[in-house]
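See structure below.
The values are calculated or read from the model by the stated rules, or taken from the named source; none is laboratory data. Source: prediction; values computed, not measured. Positions of Cβ are backbone-derived with ideal geometry, glycine not excepted, and every protein chain shown enters the neighbour counts. Just so you know, the surface numbers come from the protein's heavy atoms only, side chains and all, with ligands and any DNA or RNA stripped out. Shrake-Rupley method; radii C 1.70, N 1.55, O 1.52, S 1.80 Å.
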Amino acid sequence: MNVEYINPFIEASRAVLKQIAGIDVKLGSISLKNSPYASDNIVILVGLTGKIRGQAIFSMNKNVALTVASGMMGGLNLTELDEMSKSALSELTNMILGNTATLLYNRGVGVEITPPSFLMGENMQISPSKMKTICIPLLLGEDKKIELDISVVD
């Protein structure tokens, strides 16, 4: 994957998390992942089509999901992921990837996104078929992170 394509994902993630959830994000060490790979118990998957074909996967644990959803709801103290908070998290990924698509378009790279799919379960494994996966850790503070995994077809 062209390295120039990665920065819009990072820029959009940082900007949207700050603006919508009030969360400052630091960037962890970007790496490649081999398929299959283990995932946290909450995954939000969005398909990518156009110049970049594949998927963007946001994975996090329940505590991180509650922190982000709480931030989106004005600091409301959430203890469980109800339908409203799941919807909020899905919409957050939609906003991040919508902004990413706009940034890419402005750089001459046309990309469209699919609606997000929210998945929750234990011991999840992700197996992107015939795709390379780049892992972008978004650090939200001590022991809290969202992994943004971008899997693309060569």
For the range 36-124, what does the relative contact order come out to in percent, with C-alpha contacts under 8 Å and a separation of six or more? 44
With Kirkwood's inverse mean 1/r over C-alpha pairs for Rh, give me the Rg to Rh ratio of the range 29-77, two decimals please. 1.08
Mean Kyte-Doolittle of at least 0.5 and a Cα length of 20 Å or more along the axis: which whole DSSP H helices of the chain meet both? 6-21
Using the basic label-point model (7 angstrom from Cα toward the beta carbon), what is the Thr79 to Tyr37 distance in nanometres? 3.5
For the chain, with every protein chain kept in place, what is the accessible area per residue (1.4 Å probe, Å²)? 52
What distance in nm separates the two pseudo spin-label positions at Glu91 and Lys62, each 7 Å out from Cα along the beta-carbon direction? 2.4
Using a 7 Å offset from the Cα along the Cα-to-Cβ direction at both Asp143 and Arg53, what is the distance between the two label points in nm, to one decimal? 4.3
The range 1-74 - percent of accessible surface contributed by carbon and sulfur, probe 1.4 Å: 48
Average Cα contact separation per residue, the chain, under 8 Å, 6 or more apart, as relative contact order %: 37
Tell me the carbon and sulfur percent of the accessible area for the range 85-154, rounded to whole percent, probe radius 1.4 Å. 49
When each pair of different Cα atoms in the chain is counted once in the 1/r mean, what is the Kirkwood radius in angstroms, to one decimal? 15.5
Decide, for the range 1-63, between rounded, prolate and oblate: order the square roots of the alpha carbon gyration tensor eigenvalues as a ≥ b ≥ c, take rounded if a/c falls under 1.5, and otherwise choose prolate if a/b is larger than b/c, else oblate. oblate
